[in-house]
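These notes are about the structure you will find just below.
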Amino acid sequence: MTAPAAPMTRPTTALPDSRPPVRRRRQPDLYSTLSRVLIALIVIVQVYPLAWLFITSLRTEHDFATGDPFALPTSLTWENYARAFETGNLGMNILNSFIVTMGANFLIVLLGMMAAYALQVLGFRFSKFVRGLFLIGIIVPVQIALVPLFIDYSTINLLDTYPSMIIPLAGFALPMSIYLFSSFFEYIPRETYEAASLDGAGPYRIFGLITLPLSVNTVVTVVLVNSIFIWNDFIFANTFVLSEGLKTIPLGLQNYIGAMGKTDWTATFAAVCVTITPLLLVFLVLNKAMIQGLESGATKG
């Protein structure tokens, strides 16, 4: 007799769990929280003066004089901007500052890049010593050059001209610019220059076709960093400019101080808003290139 066959059993499949997975609540990171708080404080400290400046430039003169200067305005007006252009030669001041800034930046980029190219790329005997002499210029205060420059300018009839402001501004900005360009050129592969030399390219052609195109971000960085100081320069313009037609923005703001020291503050704030707007717009547009230029001079790769 044969034993009865065991009954066949079907494999059971587990039903999928339709419940959503329970997500664990991520504990707040102390470092991340502190970083966000610190960034928020920095943003508030940086943005609040600009916001207060713009709001104050729209306040009426009576509201600013009788009310709390840090309170919200009770009424707004665009009259201050019209009065800013009527009281002083604001348009002429902006044009003069633009000419001085562009002229100085042209010399800074041209001379700084060429000097860094000679020191870092071409190389020569005692090149490190010469580079050190340039870097010593960073610690030299500009005030010690005012009297000698004034005497020299008066001798050669260069007072009250654009070059009298452009030359010292470019000269005192060269050490830092040479340092930035040299730091960037240090990380350009030497094989690139050797390959160009084997193809018959000379130093001038290598500079124009290889070094210059690779240095665009560094050029933007140098121009933006120096433009802030040149645009707001007061000491050289106040020393070497004698006529009203060559006054730059810092000198032109003195026109809003009336008799007995009375100052038209709302018109002054409006003029300041007009003068800082170009720099802010340029910085917002080119800030990524500036950061890349600083990183390329600080890290290898």
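The values are calculated or read from the model by the stated rules, or taken from the named source; none is laboratory data. Keep in mind that this is a model prediction, so the values were computed, not measured. Ideal geometry is used to build each Cβ from the backbone, glycine not excepted, and the neighbour counts take in all protein chains shown. The protein model used for the area step is the full one, side chains on, heavy atoms only, and it has no ligands, DNA or RNA in it. Shrake-Rupley method; radii C 1.70, N 1.55, O 1.52, S 1.80 Å.
Seen from all directions on average, region 189-249 presents a Cα convex hull projection of 6.5 nm². Stokes-Einstein diffusion of region 88-255 at 20 °C, 1.002 mPa s viscosity, Kirkwood radius from Cα pairs, rounded to a whole number: 123 µm²/s.
Taking the inverse of the average 1/r across all pairs of different Cα atoms in region 83-184, what Kirkwood radius in Å do you get?
Details: mean 1/r = 0.0643 Å⁻¹.
Averaging 1/r across every pair of different Cα atoms and inverting gives 15.6 Å.
If the segment from residue 74 to residue 198 were pulled out straight at 0.36 nm per residue, it would be longer than the present Cα-Cα gap by 37.4 nm. Label-to-label distance, residue 34 versus residue 229, with points set 7 angstrom from Cα along the beta-carbon direction: 3.4 nm.
Fully extending the segment from residue 138 to residue 55, taken as 0.36 nm per residue of separation minus the present Cα-Cα distance, adds 26.1 nm.
In order along region 114-123, the Karplus-derived 3J(HN,Hα) couplings, from 6.51 cos²θ - 1.76 cosθ + 1.60 at θ = phi - 60°, round to 5, 5, 5, 5, 5, 6, 9, 8, 5, x Hz, and Gly and Pro are given as x.
Here the convex hull built on the C-alpha positions of region 26-118 has a volume of 198 cubic angstrom per residue.
As a test of reading the structure, rank 190, 131, 59 by solvent-accessible area (1.4 Å probe, protein chains only), most first. Let's see the in-between values first.
Numbers: 190 125, 131 55, 59 5 Å².
In descending accessible area the options line up as 190, 131, 59.
Here the spin labels are modelled as points 7 Å beyond Cα on the Cα-Cβ line, and at residue 62 and residue 263 they lie 2.4 nm apart.
State the extension gain, in nm to one decimal, for the chain segment bounded by residue 212 and residue 98, taking 0.36 nm per residue of separation less the distance between their alpha-carbons. Walk me through the numbers before you get to the answer.
Details: separation 114, 0.36 × 114 = 41.04 nm, distance 2.42 nm.
Value of the extension gain: 38.6 nm.
Taking the empirical scaling 2.2 N^0.38 Å for compact globular proteins as reference, region 136-223 has a Cα radius of gyration ratio of 1.51.
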